[in-house]
Amino acid sequence: MDRNKISKWLKGPAKMGHKYSLSAIYFCTGCGIIEVPPVITARWDAERFGVIPVASPRQANLFLITGYVSLKTLKAIIRTYEQMPDPKYVVGFGSCPINGGMYWDSYNTIKHLDKYIPVDGWIAGCMPRPEAIFIGVTHLWTLIDKDMAKGYVKYREKYESYRKNQEQILGKLEWKPLYPIRRRK
Amino acid sequence: MNKELLTEILATFKKTQGYIEKDNRLFIETKKEIVPALLKYFKDKSFDRLAMVSCVDRINENKLEIIYILTSFCLDNPLNIILKIKISRNEPELDTVIPIFENAEPYEREIHELFGVDFIGHPRLTPLFLEREYEIPPFRKDFDMRKYSEELFDSVPFVGDEK
Ligand code: SF4
């Protein structure tokens, strides 16, 4: 272990643990997923960075949205996101989740992912190289260190608005709200 | 061999035009009533794989063009048979070809959803890809995608911005 980091480990062991053991849920949304197999396998080996793909959202704390998000996928994304345990981090990968990318005038792709779930970081590009994922991961470390990757807290606090946006675009959602919704008179 | 096939088709079926392009594409233009008979004919000739069913919106002619592509698994002949028909754009109706080629089901569902073509006799024309209802089927040329996406997606506020 790096000796300079001992004080950090002593101060916030949980935080350091989260930082160096990111379990990415293996969820494919768009074309960007094609970059993920080389990232997690021998060629680039994401385990050097503590990123490991897991099969179930219950075990994951990193959600890579790899590409354009259609309405049907958005539904699956919200359900997956709500099943992940706190703390959880979302990284939008590629220009499509950022602002629509080349699907900016499509009838079935949502343009801004952060209107529906909170996103902690973005990796721009169409599609980004595997190196960009690692740069993204190191940026995410910095954010976790500085307590800035607080998307899941924002989701809890602003759940009402998020749920409203989700319902505006998807119609009535068939699952119960994750957090209680206060009814305003 | 392909030329002979073409002459045979033209002799057997009336109201049919055909030509060969690039040696391995046999185009046939016909009327929609003849399609089941033609597909059955090709199936008996061992063109037993319906590769796809597709649709083109010919808005200038006010027609929808349905395209069936057939290939063969068992013949040693790399020929694609491309069957084109035009149907009216205002009342797009067509008999399903599921009794002949079962794998036409998802294609027909897709065309029904994206172009609004009614396939008579199709067992379940339920939505396949789309989550929302569209007034005009979205792949028709008169569907204004930009306006639609601006109205729908840009009206959702960013969380934290709304009043
Ligand atoms: S950003 Fe490019 S590569 Fe990624 S999903 Fe969009 S179009 Fe595909």
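Each value in this text was obtained by applying a stated rule to the coordinates, not by laboratory testing. Here the structure is a predicted model, which means the values were calculated and not measured. For neighbour counting, all protein chains shown are included, and Cβ atoms are generated from backbone atoms with ideal geometry for every residue, glycine included.
The table below lists the values:
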{"read-out": "Cα-derived Rg to Rh of chain B, Kirkwood definition", "value": "1.10"}
{"read-out": "Within chain A, helix-based [θ] at 222 nm, where runs of 4 or more DSSP H residues each add -39,500 (n - 2.57), nearest 500", "value": "-11000 deg cm²/dmol"}
{"read-out": "Bridge type composition, the range A:3-170 - antiparallel percent by DSSP, nearest 5", "value": "5"}
{"read-out": "Proximal charge balance of B:Y148 [Cβ under 15 Å; K/R count +1, D/E count -1]", "value": "-3"}
{"read-out": "Tilt relative to chain A, helix A:130-145 - C-alpha long axis, 0 to 90 degrees, to 10", "value": "90"}
{"read-out": "With at most 15 neighbouring Cβ atoms within 10 Å, loop GluC sites (Glu not before Pro) (DSSP) excluded, longest segment of chain B", "value": "B:1-60"}
{"read-out": "Compactness of the protein assembly as shown as Cα Rg over 2.2 N^0.38 Å, two decimals", "value": "1.30"}
{"read-out": "Estimated FRET transfer efficiency when R0 is 56 angstrom, pair B:E4-A:W104 (beta carbons, to 0.05)", "value": "0.65"}
{"read-out": "Size of charge dipole - the range A:3-170 - debye, nearest 20, with Cβ of Lys, Arg +1 and Asp, Glu -1, no other charges", "value": "460"}
{"read-out": "Degrees separating the helix A:159-170 axis from the principal Cα axis of chain A, which is the longest one", "value": "60"}
{"read-out": "Antiparallel content of DSSP bridges confined to the protein assembly as shown, in %, to 5", "value": "50"}
{"read-out": "Fraction in percent of alpha-carbon pairs per bin - 5 Å, the range A:1-96", "value": "3, 13, 21, 22, 17, 12, 7, 4, 2, 0"}
{"read-out": "Label-point separation in nm, B:I136 to A:A76, each point 7 Å along Cα→Cβ", "value": "3.1"}
{"read-out": "Relative counts (whole %) of C-alpha pair distances in the range A:3-170, using bins that are 10 Å wide", "value": "10, 40, 36, 12, 2, 0"}
